[in-house]
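Everything below concerns the one structure shown next.
The values are calculated or read from the model by the stated rules, or taken from the named source; none is laboratory data. Bear in mind the structure is a predicted one, so any value in this text is a computation, not a measurement. Please note: Cβ atoms are built from the backbone with ideal geometry, for glycine as well, and neighbour counts cover all protein chains shown. Side chains included, ligands, DNA and RNA excluded: accessible areas come from the protein's heavy atoms. Shrake-Rupley method; radii C 1.70, N 1.55, O 1.52, S 1.80 Å.
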Amino acid sequence: MGRVALVTGGSRGIGEAISKALQADGYTVAATYAGNDEAAAKFTAETGIKTYKWNVADYDSSKAGIEQVEADLGPIEVVVANAGITRDAPFHKMTPEQWHQVIDTNLTGVFNTVHPIWPGMRERKFGRVIVISSINGQKGQFAQANYAATKAGDLGIVKSLAQEGARAGITANAICPGYIATEMVMAVPEKVRESIIGQIPAGRLGEPEEIARCVCFLASDDSGFINGSTISANGAQFFV
Ligand code: CAA
């Protein structure tokens, strides 16, 4: 049995590709999902990867879920905080509910996912924390004040955890995907999406597998001295 890897939001979209790529690399993968039982069952049937249902926005559910994963599969050595949602609206129309839903899931969700796993990583002197941020956390985005705030927050989290974990053999890094061909991007109105693709020098959306390969590298032993970094994978759309 390989190292145990937990991928939140790991049964669909970028998370699905990450779960499959880690499995192909020999990890024992657990994938969480929030609500789509049908998609999760199909994913498990196809891949053999165990899925767990909990809301990353809720600390107690996350902690209990993580305890269950560790009881089933063993200590989690790689955690990929990937679960995220959008509630896009121009700021003057954004409701407090849209703000809080995104903050609670995308940002507090990272705390809720990593915090229960962190003490075990410190004790065992090994860990890989990988947070899926976004190009829009780097550059901001019209109608995404909430989402961009969370994705910029991810970069602050990993830079802090990198400093705290370095001596305990733990690395924490972020990946900033650009626009990737997933349901989330396909939900953007077609005209807007076409205009976004026009701003990508690569001339295309990214593939989920292109992000998954970045995760596999950061999870591997080869990346041990890369800590607190951000990998941008955006087809040259934006440079930091
Ligand atoms: N820049 C400047 N102006 C923009 C704009 C932009 N990017 N997008 C829209 N506008 C303008 C429109 O032209 C329009 O102007 P007028 O009023 O002068 O016509 C106005 O803003 C839109 O106002 P509406 O009241 O019609 O907007 P709405 O309430 O219907 O909201 C929207 C529409 C939610 C903004 C919709 O256009 C949308 O979803 N945009 C895409 C936002 C986006 O890129 N989200 C990223 C999702 S993918 C993701 O998040 C993954 C990742 O990490 C990359």
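At a glance:
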| read-out | value |
| --- | --- |
| Among residues of segment 90-115, those that are open to solvent by 30 Å² or more (accessible area, probe 1.4 Å) and closer than 27 Å to residue 71 by Cα, counted | 5 |
| Residues being over 28 Å from residue 222 (Cβ atoms) and of a type in the set (Ser, Thr, Tyr) - total across segment 105-128 | 2 |
| Per-region count, segment 210-240, residues open to solvent by less than 40 Å² (accessible area, probe 1.4 Å) and under 18 Å from residue 180 (Cβ atoms) | 10 |
| Single match in 211, 231 (criterion: in contact (Cβ under 8 Å) with a residue 24 or more places away in the chain, under 24 Å from residue 23 (Cα atoms) and in contact with a Pro (Cβ under 6 Å, 6 or more places away or on another chain)) | 211 |
| Wholly within segment 88-150, helices (runs of 4 or more DSSP H) carrying at least 1 residues that are more than 10 Å from the ligand (Cβ to nearest atom) and out of contact with any Phe, Trp or Tyr (no Cβ under 9 Å at 6 or more places or on another chain) | 96-102, 108-114, 118-124 |
| Tally, over segment 47-70, of residues that are under 13 Å from residue 6 (Cα atoms) and without any contact (Cβ under 8 Å) to a residue 12 or more places away in the chain | 0 |
| Extreme residue, nearest to residue 21 (Cα to Cα), among residues of segment 174-208 that are within 9 Å of the ligand (Cβ to nearest atom) and of a type in the set (Gly, Ala, Ser) | 178 |
| Enumeration of residues in segment 71-84 that are in contact (Cβ under 8 Å) with a residue 60 or more places away in the chain and open to solvent by 60 Å² or more (accessible area, probe 1.4 Å) | 75 |
| Selected residue (only one of 62, 133 is within 30 Å of residue 238 (Cβ to Cβ) and either polar (S, T, N, Q) or touching an Asp or Glu at 6+ places or on another chain (Cβ under 8 Å) (or both)) | 133 |
| Pick from segment 45-67, criterion hydroxyl-bearing (Ser, Thr, Tyr) and part of a strand (DSSP E or B), ranking: least open to solvent (accessible area, probe 1.4 Å) | 52 |
| Segment 75-87, residues that are more than 10 Å from the ligand (Cβ to nearest atom) and under 11 Å from the mean Cα position of the chain (by Cα) | 79, 80, 81, 82, 83 |
| Residue selected from segment 167-207 under the condition of a type in the set (Ser, Thr, Tyr) and outside any helix (DSSP H, G or I), by the criterion nearest to residue 81 (Cα to Cα) | 171 |
